[in-house]
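Coordinate-derived values only; no laboratory data. Remember, it's a predicted structure, so these values are computed and weren't measured experimentally. Here the Cβ positions follow ideal geometry from the backbone for every residue, glycine too, while neighbour counts run over all protein chains shown.
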Amino acid sequence: MSDLNANGSIKAGGINAGGNKSGGVKLGDALRALPLATPGRDGWTALAAQLAGNSRSARPRRRVWRYGVPIALAAGLALALVVSHLLPHPPATTVTTIATVAPATTSSSSGSATSVANMTNAKTIQTQEGAAAQLAAAQNRSQALERWLRDTRYAASPLPSQDLVAASEIENLIGLVDVELASTPTRALPLWQRRVALLEDLTALRYSNYRLAETASTTASIDTLNRIN
Amino acid sequence: MTASSFQQEVPQSMIDRAKAGELDAFERLYRMFERPAYTLALRILGDAEAARDVLHDAMLKVFQRIDQYRSDAPFWAWLRQIALNEALMRLRRERNFESESDVDYLVDDAAPTWVHADASALERALGTLPALTRSVLWMYHVEGYSHPEIAQFVGKTTSFSKSQVARGTARLRVILDPQPLPIAAGSSACLI
């Protein structure tokens, strides 16, 4: 993560550039002396329009937050809790069901080849169903975490600069995962799991800076979050 | 030594106004940092359109999060970090994150050629470097990041950062001042 200098001072970048001290310093000076580039067209208009749109949609959220945060938080956390409890179960259930079916088929003495094929099929189905269940669980968890992050966005106290940069980096990584998900659907499960892990990182970051509202309900909600983590 | 072009003092009152959602404060901040952020993105990506996108996305991110900004680091440093992250992320996304092949360049003590090169020649030469080498060189020389910091940004080692700076420097030297190859003894080459 970035190491922003507290005083923002610039280190002597040119010194000892790859073992070429004099050349390094001179190159740094020459590069810094290059004129600043100009974007060519005014990007402010588009940005201003987007900002205006965002702030209009953000205002009601702030008001809702002021009064509705304990409810939203509790609901989000409860959902996350339920999802996290459900996550390991679907594959286990599927395994049990299919395992009891497969031996019954193999009891026929004349059909050992068939039974092997059946077992293989059963295993394939079992794997597929397990993967599908895991995928669904990861998607649900991802949704729940995103919802929590969205609902608590305006309640978080200002983040220290480094955390803010970290949050920005995690969001960028999530964006990268989304790009990969769109281009390589065959790797959906590991990508969704990676997405969940990144969202959990973001949640931890947000939560660590979360302003504790001084209401019993919020404290209870945060206790719930602690239990999840 | 000239400081990074980002290094501009921003009045706290302007940050406060931006935090309060005043669009004209946003605009003033945008105008202050538009060219430094665009230049950084352009040097990293080497593509004007992509650099404009990065400028837009980075500024949007800055303004959307300004209410979360605490003044424990200068505003310019915070904004620069976001712009840098956006640019590097885009570079990575476009699978343009490969460094040049493992070729050693000689680093000698001859007079540096960029002292005599004009700005446009230096810019052109810079543009011929592989994107990652150019990015490392820029982050180190112009933005003043240390090798460990750069290593962290690009997900490589400190030695990698050092070697990219050395190679980029040597390569610029070659591009800006191509020396005719000496003719080896016994060569059949004939200059007429």
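Points worth noting:
- 10 Å Cβ neighbours from other chains, averaged over peptide B:12-22: 1
- Sorted fewest first by neighbouring Cβ atoms within 10 angstrom, A:Leu51, B:Leu172 come out as A:Leu51, B:Leu172.
- As a rough footprinting exposure proxy, the listed residues B:His141, B:His56 were ranked by other beta carbons within 10 Å of their own, and the order from fewest upward is B:His56, B:His141.
- Phi-based couplings in Hz for the stretch A:165-178 (Karplus 6.51, -1.76, 1.60; Gly and Pro marked x): 5, 4, 4, 5, 5, 5, 4, 5, 5, 4, x, 5, 4, 4
- Computed from backbone phi, the HN-Hα couplings of the stretch A:140-145 come to 5, 4, 4, 4, 4, 5 Hz, rounded to whole numbers (Karplus: 6.51 cos²θ - 1.76 cosθ + 1.60, θ = phi - 60°; Gly and Pro given as x).
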